[in-house]
1. The range 279-354: D in µm²/s via Stokes-Einstein (Kirkwood Rh, Cα pairs, 37 °C, 0.692 mPa s)?
2. At a threshold of 8 angstrom on Cα-Cα distance, excluding pairs fewer than six apart, so keeping six or more, what relative contact order does the range 163-348 reach in percent?
3. Please list the radius of gyration and Dmax for the chain, considering alpha-carbon atoms only, with Å as the unit.
4. When the distances between all Cα atoms of the range 17-153 are binned every 10 Å from zero, what whole-number percent does each bin get?
5. Can you compute the helix-only [θ] at 222 nm over the chain? Use -39500 (n - 2.57) per DSSP H run of at least 4 residues, normalise by all residues, nearest 500 deg cm²/dmol.
6. Long-range amide H contacts for GLU131: which residues qualify at under 5 Å (H placed 1.01 Å from N, peptide plane, sequence gap of 5 or more or a different chain)?
7. What residue among ALA185, ALA14, ALA138 has the largest mean-square fluctuation in a Gaussian network model of the chain, using Cα springs under 10 Å?
8. Please state, to two decimals, what the Cα-based radius of gyration of the range 163-348 comes to when divided by 2.2 N^0.38 Å (N = residues).
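All of the numbers you see were taken from the coordinates with simple rules; none came from a lab. A quick note: this is a predicted structure, and the numbers were derived from the prediction, not measured. Cβ atoms come from the backbone with ideal geometry, glycine included; neighbour counts cover every protein chain shown.
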Amino acid sequence: MAALNESVDVAALAVLRPGMPMAKVQAAMGSAWKPLAAHKGGKIDLLENSHGFVAWIDENGFIGMLNYDHRFLRPVEGIAMGMKIEQLRAAMPSLEIGDDIPMMRGVRMGVRHYPEGYTLRIRLTLETVNEIGFSNPAAEYPEPTEPPYPAAAGIPGAPFADPNLKLVVLSSLLDAKQIDLGTPAQLATHVLGRAVDLESEGYEIMPEAQDYLARYPLTNELLTTVEEIAFDGGGSVYRYVWHFWDGEDDVFNVTDLSGIELCRNLKSFSAISMIGKIDIRTLLSFGRLEYLSLSTGADHIETLLGLPTLKEVRVLDDEIYDEVTKVGTPARRVFDTLKDRGVRVWVHWVSATEPTPPAFE
């Protein structure tokens, strides 16, 4: 996945405009390009999470809309993400900046109309640019079809022992645009065989969606594309199972990591919630692991020294913090060795009395 993204021409993405042919988008995306998916209605979002870029192609094969969010690091029309409102006004005096949007305090929009017929909109949050978009109001887009869902197969959770671990992996694949589940409403319609209104039906688990995802076919090829795994209640996949889940219970907690070694190209592992202590020995099979963040506890800290590709380790844990801040302890020796190797380390307490001590770095 990373290799595909390296071929993206970000400079070419930045100069795309409504009215240009789709071929311009294809050329800028390089090997990350995939043919238009009929169920997307002209939307191209393959670079949404990696580059903060989305395009829409109209019925005639021309760009109708473009959106660049805070993750897009190249200036667009001379405007850069993070630019303050004073800088924005100086860079584009013709931009009309409105007041705060009703019900969205601190959010303002800047608008400029171009003679070619399209409109530029710049979103500012707390007077800072964080989104840039172009649109052609005359563009019409193809009607989206139903997504081509593969048939569910196998036992729930396979190839993992814990079906909830499979949801975590599916969330990673969704974020990387390696799989496409359509919208939560589209998946619900597919599994229930009828139209679904999630505004009224999304407040409970949908067993049919949960079963489908638990038996979603995962090939070895797909598993090798997984580079990041995050145990976090904010994961993309959960809104497909329980659309308005508030994250306040343990229904999606992971209790067994068996099978995670199949994601052999993993580079980032983050445990924020929804899982207990991580036995770091479980991670030894990941020969490319670079980033590790542990906020739910960890066992066998010494095993960190057996992860040769690590670049950064972050730990949020009272017990480990207490030990690592004492000279000569086993944990301190481990983290000192990591620092000597050039690994960035950060260990912080969860709870502490005043005055609060600093992080160990």
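1. 261 µm²/s
2. Contact order relative to length: 17 percent.
3. Over the chain's Cα set, Rg and Dmax evaluate to 23.3, 70 Å.
4. Answer for the range 17-153: a P(r) of 12, 37, 33, 15, 3, 1 percent.
5. -6000 deg cm²/dmol
6. ARG123
7. ALA138
8. 1.16
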